[in-house]
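Take a look at the structure below.
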Amino acid sequence: MLPGYKNHSEKIELIRSGKLSLKENISFFLSRIETEKKLNAFNFVFRDAVNAAELIEQKIKESRAGKLAGMVIAIKDVLAIKDRPLTCSSNILKNFESVYTATSVQKLIDEDAIIIGKTNCDEFAMGSSNENSAFGAVLNPIDNSRVPGGSSGGSATAVAANLCDASLGTDTGGSIRQPAAFCGVYGLKPTYGRVSRYGLTAYGSSFDTIGPIAKNIYDLALILQVISGNDLNDSTSSSQIVPDFINEINADRKFKIGLPKEYFSEGLDSEIRKKITDTCDSIKKSGHMVTEISLPHTEYSIPTYYILTTAEASSNLARYDGAHFGHRSKNVANLDQMYVKSRSEGFGSEVKRRIMLGTYVLSSGYYDAYYRKAQKVRRLLKQDFDNAFKEVDLIITPTTPTVAFKIGEKSTDPLEMYLMDIYTTSANLAGIPGINIPVGYNSEELPIGMQIMAKEFDELSLLQLAFSNF
Ligand code: GLN
């Protein structure tokens, strides 16, 4: 049995002192991936990952290794890695290989992390259950009859089932936080623009973010530190200074925390409500101030999110036409037929639904009624947060209205599935950061997640509150 470690700094220490062999550690993860194959967390496993072990172990011993030296990380299969498959869990990209590496992944590699494979997800990151994948559903590692959440279901499962140290997911409306909540792990969606989107397959470009999923807050902060920062290849990436998250994480600060009453109304599972309220009571006891606040436009967040993201998706996914990327239908009579058949065969039904919805809300005659209106509501939702953050430093809500549901339970009812994002889409609409913290279990031993949100570029406060309390 290999020695366990609490976080990455302990792992480095074990390797440095010769108590942990990195090669054995990677082989351990590779064999766990094999034993837990039924979870279906990975689309592709990089067995050659073990080749990097010797060099990195040497660097650690000589104190010249990067910040993530030896951390074994899995990458959601919507992020590009040069000469590796990039499928977005879609048949339309079945045989596609990336010609370059995403900035976020390159930054991990530059700090000596080891990439162990590409994780399963909902097709093009559209979904809340990981059931919309051409590679098949992912099983929740805690209860295999349930979904792991989505769309970064494979990334959350891989961490929860101990198939790697940490993973990268992406979050357009909750896809890091919701699966992290369903699987009982930590997940952080950074501020929009904090992390470069270069090499991330676009879904809703004004919403998409990349962030870490990990087993503890320290590792979350460390990965965020590494992947953050301005990138000339992404004009929407911010040049805001990246704080030294790791050095500042244990500062003893007392926060003013708001609980938005709209997030605790009907539709919230009673065991989750109780767990979050109890957790807030104990946060209060440790000296933070907790008060009720209001985010009055909350009820519009789901419709606004689904109008705007489908609009963006319909435009972004126009590039998969059979000519430029991936699947091309054979036996077609003309060019039009080639487009139609390639797209009809390549995309799954949820992706098609969103392309149609998005095309509709952007079409002449409906644009003003839907798309433009939704843009205005997006501004109102952002203003709700701006007003709230004049009163409080942080906002606490449940991450999800229910615990992980059964596989198949909601797959025939898209609206019910969309409601799983009720507490998470608002952070993407407003561009602010959010984190999922596992805070316990319900009576069926299923994990419950709590979300903390902060103002733009204030991930540090999220991490500090989380670090000192959990
Ligand atoms: N579940 C949401 C959706 O289906 C969020 C997805 C995401 O964040 N990528 O769009």
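The values are calculated or read from the model by the stated rules, or taken from the named source; none is laboratory data. This is a predicted model, so every value here is computed, not measured. Glycine also receives a Cβ, built like all others from the backbone with ideal geometry; neighbour counts cover every protein chain displayed. Accessible surface areas use protein heavy atoms only, side chains included; no ligands, DNA or RNA. Shrake-Rupley method; radii C 1.70, N 1.55, O 1.52, S 1.80 Å.
Counting only helices (runs of 4 or more DSSP H) that sit completely within the range 215-310, zero hold 1 or more residues that are of a type in the set (F, W, Y) and on the phi > 0 side of the Ramachandran plot. Considering the range 355-470, the qualifying helices (runs of 4 or more DSSP H), each wholly inside and each with 1 or more residues that are over 21 Å from T170 (Cα atoms), run over 373-391, 414-418, 459-469. Answer with yes or no whether P433 is more than 16 Å from the ligand (Cβ to nearest atom) and not charged (D, E, K, R). Judged against the criteria, P433 is not a match.
Take the conditions on the phi > 0 side of the Ramachandran plot and aromatic (F, W, Y) and apply them to F182. Does it pass? It is false that F182 is on the phi > 0 side of the Ramachandran plot and aromatic (F, W, Y). Every condition in (1) crowded, with 23+ Cβ neighbours inside 10 Å; (2) more than 16 Å from the ligand (Cβ to nearest atom); (3) in a loop (DSSP other than H, G, I, E, B) is met by I73 except one, and the failing one is (3).
Looking at D165, D143, D171, can you tell me which residue is more than 10 Å from the ligand (Cβ to nearest atom), among the acidic types (D, E), open to solvent by less than 10 Å² (accessible area, probe 1.4 Å) and in contact (Cβ under 8 Å) with a residue 40 or more places away in the chain?
Step by step, each of D165, D143, D171 is checked, and only D165 is more than 10 Å from the ligand (Cβ to nearest atom), among the acidic types (D, E), open to solvent by less than 10 Å² (accessible area, probe 1.4 Å) and in contact (Cβ under 8 Å) with a residue 40 or more places away in the chain.
A Cβ distance below 6 Å, combined with a sequence gap of six or more or placement on separate chains, defines the contacts here; from the range 1-25, residues that are modelled with pLDDT under 95 reach residues that are open to solvent by 60 Å² or more (accessible area, probe 1.4 Å) and not in a helix (DSSP H, G or I) in the pairs P3/K19. For the range 196-208, the criterion of being under 10 Å from the mean Cα position of the chain (by Cα) and within 16 Å of the ligand (Cβ to nearest atom) is met by at least one residue.
Within the range 408-430, the set of residues being under 19 Å from A311 (Cα atoms) and more than 13 Å from the ligand (Cβ to nearest atom) comprises just one member, A430. Tell me, yes or no, whether the range 379-401 has at least one residue that is hydrophobic (A, V, I, L, M, F, W, C), touching a Leu at 6+ places or on another chain (Cβ under 9 Å) and open to solvent by 20 Å² or more (accessible area, probe 1.4 Å). For the range 379-401, residues hydrophobic (A, V, I, L, M, F, W, C), touching a Leu at 6+ places or on another chain (Cβ under 9 Å) and open to solvent by 20 Å² or more (accessible area, probe 1.4 Å): absent. Within the option set Y370, Y366, Y339, Y320, being closer than 24 Å to Y423 by Cβ and more than 16 Å from the ligand (Cβ to nearest atom) holds for one residue only, Y370.
Name the one entry in A134, A180, A160 that is within 17 Å of V72 (Cα to Cα) and at pLDDT 95 or above.
Values: A134 fails: within 17 Å of V72 (Cα to Cα); A180 fails: within 17 Å of V72 (Cα to Cα).
Being within 17 Å of V72 (Cα to Cα) and at pLDDT 95 or above holds for just one of A134, A180, A160, which is A160.
Taking the range 102-156 on its own, how many of its residues are among the acidic types (D, E) and assigned to a helix (DSSP H, G or I)? Walk me through how you get there before you give the answer.
Let us first name the residues in the range 102-156 that are among the acidic types (D, E), namely 110-112, 122-123, 131, 143.
Subset that is assigned to a helix (DSSP H, G or I): 110, 123.
The number of residues fulfilling the criteria is 2.
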